[in-house]
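My structure is below; once you've seen it, I'll send some questions.
Nothing in this text is a laboratory measurement; each read-out follows from the coordinates by a stated rule. Quick caveat: nothing in here was measured; it's all calculated off a predicted structure. Here the Cβ positions follow ideal geometry from the backbone for every residue, glycine too, while neighbour counts run over all protein chains shown.
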């Protein structure tokens, strides 16, 4: 293979970044790094431009230079919401602890604490639609009462303390206020494939379930409709996630959009008259919205990583990623269908230097495995190749620019990026197959992908590597301990080496999820030891 000029890795890092929320977190926590002002003339977003620390910035929707809106010394802003009365609320943590505190920037400029207890171990979740219709109250999730639970708490934006609205032994997330402001849609999250919806009376705190609980059935709250129904993403009696309107009184459900792919994100305007959603079709996103009884579409030609709607439904804001594009924030006018980029990151490479992937399906023992295959522009066969399992495992590799991956491609190294069993985006059975089977069905898939790579004439079978982070790190360690003869090198980024110690040292409010995802101690100890990479070192 001819020598390929190497650019230092720093050249592939955008000079500034927009913050991102993983899809599962965005959907189940309703968190967003975007917010639109009450009149939809300004856009707020989280970025590390200038300081290298994530802060909240605002920019005119019509375009123009951004200005810093919310900055905390030693802290990083993680999510936003903008109230009807003009307050910008942000959730921030210090030192990467994920112990979020809430702060509010009032229209006249000063920043004040809204829910802050820096000496405690309290976690808070701020939804993009956390503010009441009158802007006086913000609803959020907190584990202040019990470390194992996430309750729903109300706080006045003008100050004056907090009130627990819903306290119960579960993880609860705000799903949106009713247009009248008298009720709150709440999602009870049991795990990545099981959620229920509740409607809570704001005055009394009384709650009632509006979905029938079923294991491995999703009900993700996405707001309210003008007629009093709630908007949900669900796979009730379906293999894929679809968009539906649910009557909270009768339980009757109307399907709004039920494609052969998953609905990934959705939002409704504060008055419930406009809805927007994103369809994940084989990793690529398409925006759809309903206004005045008409449904329209906009092909993003990339990945929708975040999606919100203005209070009046006139504009939507979204984060778009592409395999050859940096992070971009776009705004869509739901009245005209016009979409334009408002904010983008700068970069040290041009799109012409980057590559789009090929989408292939590799035969596997448990079904075809979808993979994105990236081939470098300036390389000849046989070329080295890297297997890149994603994190999660309930996540999805999408055709989006990743600086490290692009650096490898520039070095003449091909990438094979699979969505093995456990990945989202391919139906409930595919996603749930890995539950309590880490190191089982996933290893079979990884073995099949590896055999495919070794059989390719354009890949050098003697120069194969694997790398991944988090669950992808676990998959990497599994590959090198179970298939050691294949790899020239491997890189594990904060992956799990020992499933037993992971469960023993997990945070209290995560244990109920890990019991369902990975296994329960002491019942599953023997199996977990057998599936832990450290066992084979």
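Using only Cα atoms, find the angle between the long axis of helix 471-482 and the longest principal axis of the chain, and express it within 0 to 90 degrees, rounded to the nearest 10.
20
Can you classify the range 331-404 as rounded, prolate or oblate using the Cα gyration tensor, where a ≥ b ≥ c are the square roots of its eigenvalues, rounded means a/c under 1.5, and otherwise it's prolate if a/b beats b/c and oblate if not?
Details: a/c = 2.37, a/b = 1.42, b/c = 1.67.
Taking the square roots of the gyration eigenvalues as a ≥ b ≥ c, the range 331-404 is oblate.
Sorting 269, 204 on the 10 Å Cβ count, fewest up front, what's the list?
Working: 269 25, 204 8.
By the 10 Å Cβ count, ascending: 204, 269.
Here's something else I'd like to know. Given 0.36 nm per residue, what is the gain on full extension from residue 106 to residue 51 after removing their alpha carbon distance, in nm? Display every interim value, and only then the final one.
Details: separation 55, 0.36 × 55 = 19.80 nm, distance 2.26 nm.
My answer for the length gained is 17.5 nm.
Determine the gain in length on full extension of the stretch residue 507-residue 68; use 0.36 nm per residue of separation and subtract their C-alpha separation, reporting nm with one decimal. Numbers along the way, then the final one.
On the way: separation 439, 0.36 × 439 = 158.04 nm, distance 3.40 nm.
In short, 154.6 nm is gained.
Roughly how many nanometres apart are two label points built 7 Å out from the Cα toward the Cβ at residue 463 and residue 491?
1.6
Roughly speaking, what is the centre-to-centre gap between the range 60-95 and the range 103-151 when only Cα atoms are used, to the nearest Å?
Using only Cα atoms, the two centres lie 14 Å from each other.
A follow-up question, please. Counting only helical runs of four or more DSSP H residues, what would the 222 nm mean residue ellipticity of the chain come to if each run contributes -39,500 (n - 2.57) and the total is spread over all its residues? It would help to have the intermediate numbers written out before the result.
Values: 8 runs with 67 residues, N = 537.
So the calculated ellipticity at 222 nm is -3500 deg cm²/dmol.
Restricting to bridges with both residues inside the range 337-427, how much of the DSSP beta-bridge set is antiparallel, in percent to the nearest 5? The partial results should precede the final answer.
Values: 9 of 12 bridges.
The antiparallel fraction comes to roughly 75 percent.
Tell me, 115, 79 in order of fewest to most beta-carbon neighbours within 10 Å? Spell out each step's value before the answer.
On the way: 115 22, 79 31.
So the residues, fewest neighbours to most, are 115, 79.
By what distance, in whole Å, do the Cα atoms of the range 351-496 stretch along each of the three principal axes, largest value first?
The Cα atoms of the range 351-496 stretch 42, 33, 29 Å along the principal axes, largest first.
Continuing with the same structure: Return the percentage of antiparallel bridges among DSSP beta bridges fully within the chain, rounded to the nearest 5 %.
Working: 119 of 132 bridges.
Roughly 90 percent of the DSSP beta bridges within the chain come out antiparallel.
Next question, about the same structure. In whole Å, what is the distance between the alpha-carbon centres of the range 428-495 and the range 196-240?
Taking the Cα centre of each part, the range 428-495 and the range 196-240 sit 37 Å apart.
Taking only Cα atoms, what is the 0 to 90° angle, nearest 10, from helix 441-455's long axis to the longest principal axis of the chain?
For 441-455 against the chain, the angle is about 50 degrees.
Let me ask something else about it. For 489, 288, 371, 81, which order do you get if you count the other beta carbons within 10 Å of each Cβ and list the fewest first?
On the way: 489 12, 288 19, 371 24, 81 29.
The fewest-first ordering by Cβ neighbours comes to 489, 288, 371, 81.
Largest first and in whole Å, what are the equivalent-ellipsoid semi-axes of the chain based on the Cα gyration tensor, each being the root of 5 times an eigenvalue?
Working: eigenvalues 278, 146, 104 Å².
The three semi-axes for the chain are 37, 27, 23 Å.
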